[in-house]
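First the structure, in the form of structure tokens, and then the observations on it.
The values are calculated or read from the model by the stated rules, or taken from the named source; none is laboratory data. Because the structure is a prediction, the values reported are computed rather than measured. Here the Cβ positions follow ideal geometry from the backbone for every residue, glycine too, while neighbour counts run over all protein chains shown.
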Amino acid sequence: MFNVIRSAPAPASLAKNKSWTAPDVIEALRRDFSDKCYICETKDPLSLNVEHFDAHQGDPLKMFDWNNLFFSCGRCNNLKRHLFNNLINCTNHAIDAFRLIKHHPPLTPFSATVIIEPSDDDPKTIETANLIRKVFNEDNTGNKAVTATYLRKRVFRRYAKLVEQMNIYESEDSLPAEKAHSLEKIRNLMSRNQEYSAFLRWAILDSPELLELVKDSMD
Ligand SMILES: [Zn+2]
């Protein structure tokens with residue numbers, strides 16, 4: 001999960017209770033959520049849609065509330081449904097959603113599972129970890145096109161890029177310019193607007209020596 005800074009003011013279409021899927025709303029969500037699903041962090045323009053964080057159940061106050069609109073992919077939205085309604089709010093600047101859920105990247109592209117752990121025992125943290133674990137580990141979800149196996153391979157590809165740059169930085173035969181370049185690439189890969197940033201950032205949080213070098217990018 002990644003922290004989202006929600007822009008203000010609310011898009012005009014919401015103020016008029018006109019539409020929560022109008023182009024100005026979609027555009028603002030795309031920008032604020034870095035074009036990613038807030039649950040799995042996949043960038044997939046064909047599947048991303050507007051989700052009501054707190055189910056509106058016909059209540060216009062919830063339907064058109066800018067703070068209640070999130071960007072999620074069809075798969076996560078389908079897995080969440082009404083079953084997970086006590087989740088961490090990643091747009092709440094008072095909490096650090098990223099640090100609340102520990103994401104362990106898959107060790108190989110064929111890993112059968114990834115480990116997702118809550119960092120505290122708050123019910124919201126536990127429920128959010130349960131949902132994210134399901135997203136990345138359960139294939140039997142009715143969605144045939146995108147599976148957890150496919151998602152884990154995509155996460156692994158990003159993680160492999162990070163490892164490649166770590167190896168360059170760490171290698172004895174790398175030139176100073178190559179090392180500096182690899183650190184820049186690491187900063188870019190760990191940016192919260194990149195796909196699967198939580199997995200990459202947690203790998204860096206677990207590496208104190210590297211963290212010391214790039215901690216200014218751990219916003
Ligand atoms: Zn998703």
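Data overview
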item	result
Subset of the stretch 84-101 (residues that are more than 14 Å from the chain's Cα centre (by Cα) and in contact (Cβ under 8 Å) with a residue 40 or more places away in the chain)	F84, N86, H93
Pair list, Cβ under 8 Å, 6 or more apart: the stretch 144-157 residue within 20 Å of M190 (Cβ to Cβ) and of a type in the set (A, V, I, L, M, F, W, C), other residue part of a helix (DSSP H, G or I) and modelled with pLDDT of 90 or more	L151/V135; L151/F136; V155/F136; V155/F199
Selection within the stretch 67-77 - in a helix (DSSP H, G or I) and over 11 Å from W20 (Cα atoms)	N67, G74, R75, C76, N77
Residue match in the stretch 98-109 (condition: under 15 Å from A148 (Cβ atoms) and not in a loop (DSSP other than H, G, I, E, B))	yes
Pick from the stretch 67-83, criterion modelled with pLDDT of 90 or more and more than 21 Å from D44 (Cβ to Cβ), ranking: nearest to the ligand (Cβ to nearest atom)	N68
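Rundown of residues vs (1) within 23 Å of H104 (Cβ to Cβ); (2) under 19 Å from the mean Cα position of the chain (by Cα); (3) among the aliphatic types (A, V, I, L, M), yes/no style:
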{"position": "E164", "(1), (2), (3)": "yes, no, no"}
{"position": "S171", "(1), (2), (3)": "no, no, no"}
{"position": "L175", "(1), (2), (3)": "no, no, yes"}
{"position": "P208", "(1), (2), (3)": "yes, no, no"}
{"position": "M218", "(1), (2), (3)": "yes, yes, yes"}
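Conditions tested, residue by residue: (1) in contact with a Pro (Cβ under 8 Å, 6 or more places away or on another chain); (2) buried (at least 20 other Cβ atoms within 10 Å of the Cβ); (3) at pLDDT below 90; (4) not hydroxyl-bearing (S, T, Y).
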site	(1), (2), (3), (4)
A10	no, no, no, yes
D24	yes, no, no, yes
A28	yes, yes, no, yes
Q57	no, no, yes, yes
N85	no, no, yes, yes
I95	no, no, no, yes
